[in-house]
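Before any comments, here is the structure.
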Amino acid sequence: MDYHSPASFAEASALAANATGTTRFLAGGTDVLVQLRSDLVTPNTLIDIKKINGVQDITRNADGSWTIGVAATGAEMSEHAELVRDWPGVVEAMDLIGSTQVQGRATLTGNLCNGSPAADSVPAMVAAGVTVTVTGPDGSREVAVEDIPTGPGRTALNKGELISAVNIPARGANGGDAYLRFIPRTEMDIAVVGVGVNLRLEGDTITEARVSLGAVAPTVLLVEDCAKAIIGSTLDEAALDALAAAASAACNPIDDKRGTIAFRTEVSGVLATRAAKIAYARAKGEQA
Amino acid sequence: MSKFHVSTTVNGDTVEYLCDPRETLLDCLRDKLNLTGAKEGCGTGDCGACSVTVDGRLVCSCLMLGVEADGKQIETVEGIAEGDVLHPLQQKFIEHAALQCGICTPGILVAAKSLLEKNPNPTEEETRYWLAGNLCRCTGYDKIIRAVMETAAELREAS
Amino acid sequence: MALDDRKSGFTFVGTRPNRPDGLDKVTGRAKFGADISAPGMLFGAVLRSPHAHARIVKIDASKAEAHKDVKAVVTRADFADVLFKPGLEGEFWNVLENVMAGEKALYDGHAVAAIAATSALAARDALKLIEVEYEVLPHVTDVDKAMATDAPVIREGAADYSVPEGMHPNVVRYHDSGHGDVEAGFAEADLVIEDSFVTEATHQGYIEPHACLAMLGNDGKGELWCTTQGHWIAQKTCAALLGIETSQLRVTASEIGGGFGGKTTVFIEPVALALSRKANRPVKLVMTRSEVFRATGPTSSASMDIKIGMKKDGTITAAQGVFRLQGGAFPGAPGDMTAMCAFAPYNLTNVKQIGYDVMANRPKQAAYRAPGAPMGAFAVESVIDELCKKLDLDPVDVRLKNAAHEGTKASYGPRYERIGLVETLVAAKAHPHYSAPLKPGQGRGISCGFWFNHGGETSVSLALSEDGSAQLMVGTPDIGGSRASMALMAAEVLGIPYENIRVTIADTATLGYNDVSHGSRVTYASGLATIKAAKHAVEKLSERAAAKWGIPVDAVKWEDGCAVPSGPNAGDFDPMPLADITADMGSTGGPISGHFEATPEGAGVSFGTHIVDAEVDPETGKTSVTRYTVIQDAGKAIHPTYVEGQYQGGAAQGIGWALNEEYIYGDDGRLQNSIFLDYRIPVASDLPMIDTVIVEVPNPGHPFGVRGVGETGIVPPLAAIANAVSHAAGVRMRQLPMSPPRILAALKDNG
């Protein structure tokens, strides 16, 4: 295995473009090292991107949007009070991944590029409308998070491409987001179901919403029917029932060691309503 | 592939080693520096027995490559006591029997010290969640949680 | 001293001093299995079968052997065929077959070859150069399916004489016991409930993987350092498997990072020795976590049918159980233990129990804390709970009404001596937990539990130093603070301070044989031996004092660390402290030591009662344990804090077993969850504080009244939690673990 620690994304991209065999980028390493240790994936080329200038930074831009460096850790995000205030759902989703120790290393970008349908931060990012900047041999492009995963362990990134920044939109007024997942224990598990909800209100009425489901299909889903179920409502019982039904209907899960089809289908509806209530309360400026 | 020369600081001492890029920081601490206090319980970041801090941040040393440690400040269980004076957490763990077999103890002490540095007054729930990545199979955590919270209380009184 | 010469007033016993090895264990200096190295050391790695059941057609290791970093490759051919006496049969053969596959790979993870190379990475890489040709065979992993007529046969001829004719060859042992007439008993009952239960296999889950450092030469002399619950059994087994003399292999036990029964046998140790012998260099071999899950002892899985009859007043009229235990691809599943323990808490006129030991394509089961007992208790105590519910009776009252006591004929045969079950139930009833109000959505469950406890072969040696301090050598590895208990008991007899006693876990070359740290035997048996060894030393001390005073030895008694005249007629002498006697012992008769070797038989059975509150989320099926109380008879708690620790640890493991831990096999017979991410043991945020009540009903078989406490604590939790969950969810849970998908499905089925 060759190890490189380039000083720029262009250099990183060139290394990857010219590499043969399996290439992995190393951010927090909490997935890459597990795969390495268990002989699942031993890359021929490992490119550590943490020596690139600014990759640790969490920046609020002039328009209120956020740029998260690709090596900014979950712990750094959770400690960033303004980011937590704007996007509590995204930060909580990231914070749910692994232990305190894992939080000291793990990154949004790594969680996304690992390509797991159960990645906690991904539904929250999809709901929040997050995009990523992809840098490759031909320059950079901006891609919606929901367009990155293409299947379990697979992404839309081409050879030589890597994510160089995570862009979270400006929160704006009267908005709130939330992420909930189901795990059998209280910590340390992979999501059996994950739900991200992001919405905006005018008065008590929901005017915009994005709902995303994790671990219930080969990729994280952005479910328009869930959004439709609550847009225009005050999140009354009927809207919540419709939301739950839409979430369950959108599921295309598998039976595996972590959960059953029936369980995932049922619980996605339950969590969607619970997450929506939290997001709604946050949009109203209430504690939740 | 040739090995990498790594220069780093462990418990305040400047150390150097050569490592294969596949070797973890835990491998390097244990096999190259003979610091066997950090343990490999799982190798997948699920048990916390290999906990150390890197530049003040709590991490699993099995989830970091040895080559990544270049230029970092690393603290391990071997560095918790000051000379012959045990850290209050170490003392309290002994007094409370907060260990049975003791294999998870180094990782839990490193993690608990990190908690108290960040939050001198943790609730029971905060303590339990902070330590959720440190598996203990012997104690049921009861005496561990009590030892950490009592140490926190004593440190608050002392300061 | 006669065993009935028991002590009741104590100076040291019952206090809570710091453990002697505390400093080592909080500073990282304690040396566990993987914490040692040797000059010239090689690193081993094991190649394992990816198939649940396959004939090994051919192993081609030529490419690996040719690799420059590889110094030895071993397969089954490198182990003893012709064996040193008493010959490799029975369990030795099973262990050999388990540590290195012979003709067939019998489970996913079964070792088929091993390598020693110059680095750990090189060894791992070189494993990939070994080519194994397999002929995949049909497999079976489920206990009921393994007993069915069409099940693939794991091994012909493995069954012993006990198995009735006509059973499938995978049924290898059969147990049948009880007394009275159960049919007559059921006829007397006002209500009979018959129900079936299933539990999945769980793993002991010790945090320290198996690890060892082995050195063996072709002169037949060897050294082995390993993490083990018993280094004499490791010595005996490794010697047999390698065809060397037992005494030529010195085994040193490292500090042990948890065992719970799983480190009572060998896995990688004989492999490392074989590699070392072939390479003529020391070999270190450390398992990965995945290897631990795939190839070391989980507990058995179980399938059980229970039938109990009860009168309206709560009297149990008859009880019957059939217990089918799957123990992997080898004989040894404790179906007999499950059967014998299941009804042991109760005073029954009519009881019958049948146990089956069944083989399947899974790793060889190993002991796990009261092996076999928790599953049976889960089934039996669930049915008792259901009877209480249907007859509207208080579950503690019903258990008190039927509780076994001194003189009761146990369900498994003998009459009980003094036991403490009733005392634990009385304490449960009086405990504030039992009467505390429950919140909506919560349920409360209780259960009793029983375990035999064990004595076992034991050797202890105690040597006094000139300055009056003492060194105590015991042979039972200290898994949870036993050095402290040993020092307390020695201090009690010698009358010198606890701190003046240094306790060492001796290696196999420095002490006589010791049975494993299992069966809750350490504080009982090594403790008893420590007391006897200390008394032996006291006899010699008294002789020296008598000689100095010029009086007969029977005119001297030992009090508070001093020789004193036994009465006014013995003479008027000032007390002579121990240190005054040892100061010149070299010239008054030589070094003073005490020792004791025996197989104590009076371990004293143990009972516990647990109370647990659980809350179930009706929308997701997720359970939280909100309150937990363990009440257990310790006989006499030597170091109460470590007794509490055993209670808490047993309860926590039981919570894991009840709620989330399980071996999950795919249709391909491969284990799907061989890492801690998916084998879900409780984490700190999953558990409440675990309250404990230590009941002390002295064991007549121990000088200080000790009963083992290590194992009983895992027997009641499965049932207690199942009862709590069933009350909280309003639906009876008959399968463990009660994972959220199972609870949610049960809720849906229930409408």
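Any read-out appearing in this document is the output of simple, stated calculations on the displayed coordinates, not a laboratory observation. Since we're looking at a predicted model, the values are computed, not measured. Cβ coordinates were reconstructed from backbone atoms using ideal geometry, including for glycine residues, and neighbour counts include every protein chain displayed.
Computed from the Cα positions only, the extents of the range B:41-85 along the three principal axes stand at 33, 25, 14 Å, in decreasing order. What relative contact order, as a whole-number percentage, does chain C give when Cα pairs under 8 Å and 6 or more residues apart are counted? RCO, chain C: 16 percent.
Helical content alone sets the calculated 222 nm signal of chain B at -9000 deg cm²/dmol, taking -39,500 (n - 2.57) per DSSP H segment of four or more residues and averaging over every residue. Averaged over the residues of A:30-41, the number of partner chain Cβ atoms lying within 10 Å of the residue Cβ comes to 5. Computed FRET efficiency, Cβ-Cβ of residue B:85 and residue A:85, R0 51 Å: what is it to the nearest 0.05? Calculated transfer efficiency: 0.75.
Shape analysis of chain C places it in the oblate category; the axes a ≥ b ≥ c from the Cα gyration tensor give an a/c of at least 1.5, with a/b not above b/c. Overall, the anisotropy analysis places the range C:39-371 in the prolate class: the square-rooted eigenvalues a ≥ b ≥ c of its C-alpha gyration tensor yield a/c not less than 1.5, with a/b exceeding b/c.
Ignoring lysines fewer than eight residues from residue C:548 along the same chain, the ones with Cα atoms less than 21 angstrom from its Cα are C:535, C:540, C:557. With a 10 Å cut-off around each Cβ of C:636-648, the average count of Cβ atoms from other chains is 3. Candidate cross-link partners of residue C:622 among the lysines, defined by an alpha-carbon separation under 22 Å and a same-chain spacing of 8 or more, comprise A:257, A:277, C:439, C:748. Positive-end ranking of A:232, A:275, A:203 along the dipole of the range A:175-283, with charges on Cβ about the Cα centre, is headed by A:275. Partner lysines whose Cα lies under 17 Å from the Cα of residue C:307, excluding those fewer than 8 positions away in the same chain, are identified as C:352, C:389, C:390. Rounded to the nearest 20 debye, the dipole magnitude of chain A is 400 debye, with +1 charges on Lys and Arg beta carbons, -1 on Asp and Glu beta carbons, and the Cα centre as origin. Eigenvalues of the alpha-carbon gyration tensor of the range A:207-255, scaled by 5 and square-rooted, set the equivalent ellipsoid semi-axes at 21, 11, 6 angstrom, largest first.
Rounded to the nearest 20, the size of the Cβ-charge dipole of the range B:88-158 about its Cα centre is 220 debye, with Lys and Arg at +1 and Asp and Glu at -1. Based on C-alpha pairs under 8 angstrom that are at least 6 apart in sequence, chain B has a relative contact order of 23 percent. Between residue A:237 and residue B:34, the modelled label-to-label distance comes to 7.3 nm, taking each label 7 Å out from Cα in the direction of the beta carbon. Length available on full extension from residue C:418 to residue C:598: 0.36 nm per residue minus the Cα-Cα distance, which gives 62.5 nm.
In summary, the convex hull built on the alpha carbon positions of the range A:175-283 has an orientation-averaged projected area of 6.2 nm².
The Kirkwood hydrodynamic radius of the range B:4-79, based on inverse pair distances between different Cα atoms, is 11.8 Å. Extension gain, residue C:559 to residue C:406: 0.36 nm times the residue separation minus the Cα-Cα distance gives 51.7 nm.
How much mean residue ellipticity at 222 nm does chain A get from its helices, if each DSSP H run of length 4 or more adds -39500 (n - 2.57) and you divide by all residues, to the nearest 500 deg cm²/dmol? The helix-only estimate for chain A comes to -9500 deg cm²/dmol at 222 nm. If I take all pairs of Cα atoms in chain A, what percentage of them are more than 24 Å from each other? The answer is 48 percent, as a whole percent. Global size of the range B:17-152: 14.4, 43 Å for Rg and Dmax (C-alpha atoms, Rg to one decimal, Dmax whole). Here is how the number arises for chain C: DSSP H runs of 4 or more residues each give -39500 (n - 2.57), the sum is divided by the residue count, and the result at 222 nm is -8000 deg cm²/dmol. Listed cross-link partners A:50/C:284; B:39/B:113; C:71/C:104; A:50/C:31; C:236/C:278; C:311/C:636 are compared with a 28 Å cut-off, the Cα-Cα value being larger for A:50/C:284; A:50/C:31; C:311/C:636.
Annotation: the residues C:223, B:126, B:117, sorted from fewest to most other C-beta atoms within 10 Å of their own C-beta, follow the order B:117, B:126, C:223.
To the nearest 0.05, what FRET efficiency results for residue A:158 and residue C:128 with a Förster distance of 45 Å applied to their C-beta separation? The pair residue A:158/residue C:128 has a calculated efficiency of 0.90. Cβ crowding within 10 Å ranks A:66, C:93 as C:93, A:66, fewest other Cβ atoms first.
The ranking of C:647, C:134 by Cβ neighbour count inside 10 Å, starting from the fewest, reads C:134, C:647. In the distance distribution for the protein assembly as shown, Cα-Cα pairs more than 44 Å apart total 41 percent.
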